[in-house]
Amino acid sequence: QVQLVESGGGLVQAGGSLRLSCAASGRTFSTYAMGWFRQAPGKEREFVATSWSSGSTYYADSAKGRFTIVRDAAKNTMYLQMNRLKPEDTAVYYCAARRSAVGAATPQLYEYWGQGTRITVST
């Protein structure tokens with residue numbers, strides 16, 4: 001069983017930065033690809049970024065150039081550094097883990113999810 005716990009959410013002004021953390025239990029990092037998703041009120045869950053165990057990364061267009069996903073295998077922790085935040089980034093952010101090497105942007109292919117952490121970006 002894999003457990004994921006997010007932290008680091010909060011209220012930030014537009015243009016500011018936040019760093020989210022996702023602490024994982026077990027040997028997650030050696031066998032799973034990890035991802036970040038977000039869900040705004042009234043909207044479907046949306047892919048943000050993913051990191052394979054190799055260290056390769058892939059970002060949604062909305063995240064490119066502003067967000068960076070980092071894995072620290074020694075700490076079994078994944079981070080999402082978010083810069084130049086916009087009001088439209090307001091959402092609950094979830095980290096997730098999947099075995100599959102494909103389907104990075106498909107939430108149904110992720111087996112494990114954290115509880116989410118809320119980010120509010122004010123104007």
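The values are calculated or read from the model by the stated rules, or taken from the named source; none is laboratory data. Being a predicted model, the structure only gives us computed values, none of them experimental. Note that each Cβ is placed from the backbone with ideal geometry, even for glycine, and that neighbours are counted across all protein chains shown. With ligands, DNA and RNA removed, areas are computed over all heavy atoms of the protein, side chains included. Shrake-Rupley method; radii C 1.70, N 1.55, O 1.52, S 1.80 Å.
For the chain, the solvent-accessible area with a 1.4 angstrom probe is 51 square angstrom per residue. P(r) tail, the chain: Cα-Cα pairs separated by more than 16 Å, 56% of all pairs. Backbone geometry of region 83-95 corresponds, through the Karplus equation with coefficients 6.51, -1.76 and 1.60 at θ = phi - 60°, to 3J(HN,Hα) couplings of 10, 6, 5, 10, x, 6, 7, 4, 4, 8, 9, 10, 9 Hz, x marking Gly and Pro. Net charge dipole, the chain: roughly 160 debye, given to the nearest 20, about the Cα centre with Cβ charges of +1 for Lys and Arg and -1 for Asp and Glu.
A simple spin-label model places the labels of SER100 and SER122 4.1 nm from each other, with each point 7 Å out along Cα-to-Cβ. Restricting the calculation to Cα atoms, region 74-115 shows an Rg/Rh of 1.01 when the hydrodynamic-style radius is the Kirkwood one. Counting only the Cα atoms, region 1-71 fills a convex hull of 112 Å³ per residue. Compute the longest continuous run of the chain that contains no exposed GluC sites (Glu not before Pro); treat a site as exposed when its DSSP state is not H, G, I, E or B and it has at most 14 other Cβ atoms within 10 Å. It works out to 45-110.
For the chain, what % of the accessible area comes from carbon and sulfur atoms, probe 1.4 Å? On the chain, the fraction of accessible area on carbon and sulfur atoms equals 49 percent.
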